[in-house]
Amino acid sequence: LVFASLTNGNLTAFDGATGKVKWAFPVPGVGASTPVLIPGEDVVFIGPYAIRAIDGQKLWSIPSSNQEVNVTGNPSLHPDGSTVFVGDEEGGLLALDSMTGKVVWAVAAYGAIRGTPVVSFDGRSVLAASADGILYCLATFN
């Protein structure tokens, strides 16, 4: 399967051989976020959602007081696949269990985190820049 976040507000899975649409999942407000797939698993992440790759069923989403967290950047995955990192418009950086969506830890930044968090090659740190110009470097605790 090939995954694409389309301007119509859907994450769409295409058959890699034929190009035919296999499924589409609505991701309102996510925009052109890049989906992230756990290698060897059947889970794709986009915005605040974890979706079963084979059929497009929602596995979990990040709850918030606004129904869904306003994730504006792409998710990042820890090298071992256990944790997904997302930033949000309200200034939060979240580490989530990739299989359950449970918040492992969260940090409040002074500005929106609109970019993609970057995980170090050894998986020990995650970096994220906030809209107020601060670069955060945090231990992943994996």
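The values are calculated or read from the model by the stated rules, or taken from the named source; none is laboratory data. From a predicted model like this one, the values you see are computed outputs, not experimental measurements. In this analysis, Cβ positions are derived from the backbone assuming ideal geometry, glycine residues included, and neighbour counts consider all displayed protein chains. Just the protein is used for accessible areas: all its heavy atoms, side chains included, with ligands, DNA and RNA removed. Shrake-Rupley method; radii C 1.70, N 1.55, O 1.52, S 1.80 Å.
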Residues whose modelled amide H sits under 5 Å from the amide H of Trp105, counting only those 5 or more places away in sequence or on another chain, are Ala95
Please give the net charge around Ala112, taking every other residue with its beta carbon less than 13 angstrom from that of Ala112, where Lys and Arg add +1 and Asp and Glu add -1. -3
So what J values fall out for region 34-49 if you push phi through Karplus, 6.51 cos²θ - 1.76 cosθ + 1.60 with θ = phi - 60°, rounded to Hz, Gly and Pro as x? 8, x, 10, 10, 7, x, x, 10, 10, 10, 10, 10, 8, x, x, 10
Asn10: net charge of surrounding residues, Cβ under 14 Å, Lys/Arg +1, Asp/Glu -1, itself excluded? +2
Roughly speaking, to the nearest percent, how much of the chain's 1.4 Å accessible area is carbon and sulfur? 56
In order through region 124-139: 3J(HN,Hα) via Karplus (6.51 cos²θ - 1.76 cosθ + 1.60), integer Hz, x for Gly, Pro: 8, 9, 10, 10, 8, 9, 9, 5, 8, x, 9, 9, 9, 10, 10, 6
For Lys102, counting only lysines whose alpha-carbon sits under 17 Å away and dropping same-chain residues fewer than eight positions off, the answer is Lys58
Is there a quick way to get the dipole size of the chain? I mean about its Cα centre, with the Cβ of Lys and Arg at +1 and of Asp and Glu at -1; what is the value in debye to the nearest 20? 200
Once amide hydrogens are built 1.01 Å from N within the peptide plane, the residues lying 5 or more places from Gly111 or on another chain with amide H under 5 Å from its amide H are Ala131, Asp132
What is the distance, in nm, between label points placed 7 Å from the Cα along the Cα-to-Cβ direction at Ala4 and at Asp55? 2.5
Karplus ³J(HN,Hα) for region 2-10 (6.51 cos²θ - 1.76 cosθ + 1.60, θ = phi - 60°; Hz, whole; x = Gly/Pro) runs 10, 10, 9, 8, 9, 5, 7, x, 10
